[in-house]
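Nothing in this text is a laboratory measurement; each read-out follows from the coordinates by a stated rule. These numbers come from a predicted model, not from an experiment. Glycine also receives a Cβ, built like all others from the backbone with ideal geometry; neighbour counts cover every protein chain displayed.
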Amino acid sequence: MAITFQPSSYSGLVDQDNGMVSREIFVNSDIYAEEQERIFTRAWLFVGHESQVSKPGDFFVSSMGEESVILCRDRQGEIHVFLNSCMHRGMKVCRYDEGNTPIFTCPYHGWSFATDGALVGVPFYKDAYHEELDKSQWGLIRVPRMTNYKGGIWATWDPNAPDFLEYIGGFRTYLDILFDGWDGSEGGTEIIGGIEKWMVPSNWKFPAENFIGDRYHNISHRSVDLVGIGPSGQGRRDNSDREGAKSLDVSFPERGHGTVMFLRPEDAQPVASYQNDPIVAEYFYQCEIARKERQGELWRILAGPGTIFPNMSFLPRQPRSIAVWHPRGPDQTEVWRWFLVDSSAPPEVKEFLRQYYIRYSGPAGLTEQDDMENWNYAHAASRGAMARRHHYNYQMGMGYAVTDFEDGGLKLEGTVLDTTKARAGEQNQRGFYNRWREFMAARDWDELATWRKNGSGC
Amino acid sequence: MVVANDRLAMLLLKQDVEAFLYHEANLLDDRRYEEWLDLLTDDVRYWVPMRRNVKFGELEREFTREGQDINWFDEGKTTLTQRVRQILTGVHWAEEPLSRLSHLVTNVEITEATPSAADAEEVSLRCRFIIYRNRVATETDILVGRREDRLRRVDGGWRISQRQVFLDQNVLLAKNLTFFF
């Protein structure tokens, strides 16, 4: 297609007023190329977890958008994120997935970089460069902004991006549930060894919008629910604690993040879960009691799947995991999935969760297999000349959300759609594509930080 | 003559084991999943690790660890049975319509036979596999790797008590693993 999209075109592609989104933004290669510039070099992206680089010299090769990056801890113990490309001729400096090293030596011409990114070795430095090369200027390209939030390492290529916490805004409540211990202790989680990586033939936005709040796709998982792989033997997750809860879809459209959740009644008490194993059941029961004590009314929030714009999604509860949808062309996504457990959980609990995570998630997971089939063929059937002329429908629940949600004294930030009776809605997806449109059209972060102008702070 | 008998016993055992492996592959390719489950011992261990790029000299870290790390598969008969039941629901969209599969099993080597090849009760073997999968219209996956199996003689026939699958891929190029190796 020889269409060149101007920033003004994007409002037509994402039609907020009518709840429609053009298929072009999923299948068009020009738009895809623009996304790499406008979204993936400007947004905060999830890179990895602190526990993956716990010792000096530890490294984990990750990805930011299409590009390979090195997450590593230097000899002083500081964490860095570098572009994985030699400054001399671009060779991928590190082609290992993870490990420990004192130095990264480029296999092409032998430039060597310390774990803090400094260029420390240049072959023929004296004879060929006449000692005139300023090594201090040719270290590995470092992300200008990086943060370690409760163990999660995030980075952005845009030096003018807001601080991570401002980027996250009120969504922090839900991110905390992911990274805190189950008992509510701050940042008490770690990664289980082994990061799942696999290719899905679909645009990266399909999984991102699926995780942001697609309660409507329950039919996809009919087969696994019939089989029953959940931690109490039924369905695919425990749902007993949703008794009497409200279903709420929470969106932060000015930021693009969103999640689904269940709000337990005010008088709710911890209930039994993980009943396939008495030790595990008791662990979680005690954690729930401790969290209720620690968090008070916030304990009522039972967090569900969510997405942090643009491409980090997570399940904070069952199975507790993080997915990043790395773009690999308009028609391909490389999925990476990390699994989290409480660092202090007893071995029986970690082992129980490990087994549950494996049978639920990823390409071999009884639940996730069916998702990939949908994203694959939804994408494939949207590429044709005729298909592209028709927008996707995102009208579910339009006009029914509130911005001042309150229940029994608990006020929730964000735009909240009560889907208890409706059972599904698409406001979170609309919020995601609203933000997508803004990212594609905005010149810089002065324009993108819309909340500052609206005076809603962070 | 003892040597000759031993070699003959090994030859016969290998032929027997190969016939079993081909029969097993046919059951999978013919979608006779419940009959396939019957070929697994109740205490079967089925493990498919993920595979990392690691430095020379650190190859012990190449594979994710059974019983400790996240693996593609690391399970026993209960979960394997759940996988079969899922396919048989008829609404497992990742396998509906069913994929077309061919398991090619080759390079079979018996690495251990106990107590002996002549009257083996347990056999360890190594082989290579190619799994060709084609589904819907043009979707095609080819998965290649090494398999290490342990067979046990039960009621006069072979049963699989252990299967370890070492895939020759880092990033899995297939969107899912809805089939058995």
Overall form of chain A per C-alpha gyration tensor (a/c, 1.5; a/b vs b/c)
oblate
Applied in sequence order to region B:81-93, the curve 6.51 cos²θ - 1.76 cosθ + 1.60 (Karplus, θ = phi - 60°) yields integer Hz couplings, x standing for Gly and Pro, of 5, 4, 5, 5, 4, 5, 4, 6, 6, x, 10, 7, 4
Let a ≥ b ≥ c be the square roots of the eigenvalues of the Cα gyration tensor of region A:45-145; is it rounded (a/c under 1.5), or, if not, prolate (a/b larger than b/c) or oblate?
prolate
Rounded to 10°, Cα long-axis angle of helix B:2-29 versus longest principal axis of chain B
20 degrees
Report, to the nearest 10°, how far helix A:29-38 tilts away from the longest principal axis of the Cα atoms in chain A, using its own Cα long axis and a range of 0 to 90°.
80 degrees
Computed [θ] at 222 nm, deg cm²/dmol, chain B (DSSP H ≥ 4; -39,500 (n - 2.57); rounded to nearest 500)
-8000 deg cm²/dmol
Looking only at region B:106-150, which residues have a backbone nitrogen under 11 Å from a spot 7 Å from the Cα of B:Leu12 in the C-beta direction?
B:117-120
Take every Cα pair under 8 Å in chain B that's 6+ residues apart, average their separations, divide by the length, and report that relative contact order as a whole percent.
23 percent
Restricting to Cα pairs under 8 Å and 6 or more apart, the percent relative contact order of region A:303-377 works out to 17 percent
Please compute the modelled spin-label separation between A:Asn239 and A:Leu226, points set 7 Å along Cα→Cβ, answer in nm with one decimal.
1.6 nm
In which sequence would A:Thr420, B:Thr138, A:Thr101 go, from the one with the fewest C-beta neighbours within 10 Å to the one with the most?
B:Thr138, A:Thr420, A:Thr101
Determine the sum of side-chain charges near B:Arg163: Lys and Arg each +1, Asp and Glu each -1, restricted to other residues whose C-beta is under 11 angstrom from that of B:Arg163.
-1
Hey, fewest Cβ within 10 Å first, where do A:Leu248, B:Leu59 land in order?
B:Leu59, A:Leu248
Sorted by Cβ density within 10 Å, fewest first, the residues A:Leu178, B:Leu11:
B:Leu11, A:Leu178
Give the calculated FRET efficiency between B:Ile142 and A:Ser29 to the nearest 0.05, with a Förster radius of 25 Å applied to their Cβ-Cβ distance.
0.40
In nm, what is the difference between 0.36 nm times the number of residues separating A:Thr450 and A:Ser54 and their Cα-Cα distance?
138.9 nm
Helix A:278-295 sits off the longest principal axis of the Cα atoms of chain A, rounded to the nearest 10 on a 0 to 90 degree scale, by 90 degrees
Net charge contributed by nearby residues that have their C-beta within less than 12 Å of B:Glu148 (K/R +1, D/E -1)
+3
Using a Förster distance of 41 Å, the FRET efficiency for A:Glu406-B:Val91 (Cβ separation, nearest 0.05)
0.55
Once you have the Cα-Cα distance between A:Glu348 and A:Lys92, take 0.36 nm times their residue separation minus that, and quote the gain in nm to one decimal.
88.1 nm
Charge tally in the Cβ shell below 9 Å around B:Glu112, where Lys, Arg are +1 and Asp, Glu are -1, B:Glu112 excluded:
0
Say the cut-off is 25 Å between C-alpha atoms; which of A:Lys205/B:Lys175; A:Lys246/B:Lys175; A:Lys197/A:Lys350; B:Lys55/B:Lys175; A:Lys55/A:Lys92; A:Lys205/A:Lys292 go over it?
A:Lys246/B:Lys175; B:Lys55/B:Lys175; A:Lys205/A:Lys292
So for region A:170-454, averaging the separation of alpha carbon pairs under 8 Å that are six or more residues apart and normalising by length, what relative contact order in percent results?
28 percent
Estimate the FRET efficiency between B:Arg128 and A:Asp277 by the formula 1/(1 + (r/R0)^6), using the beta-carbon distance for r and 35 Å for R0, to the nearest 0.05.
0.40
Summarise the partner chain shielding of B:72-79 as one whole number: the mean count of Cβ atoms from other chains within 10 Å of each residue's Cβ.
4
Suppose each label sits 7 Å from its Cα in the direction of the beta carbon; what would the B:Asn26-A:Tyr125 distance come out to in nanometres?
6.8 nm
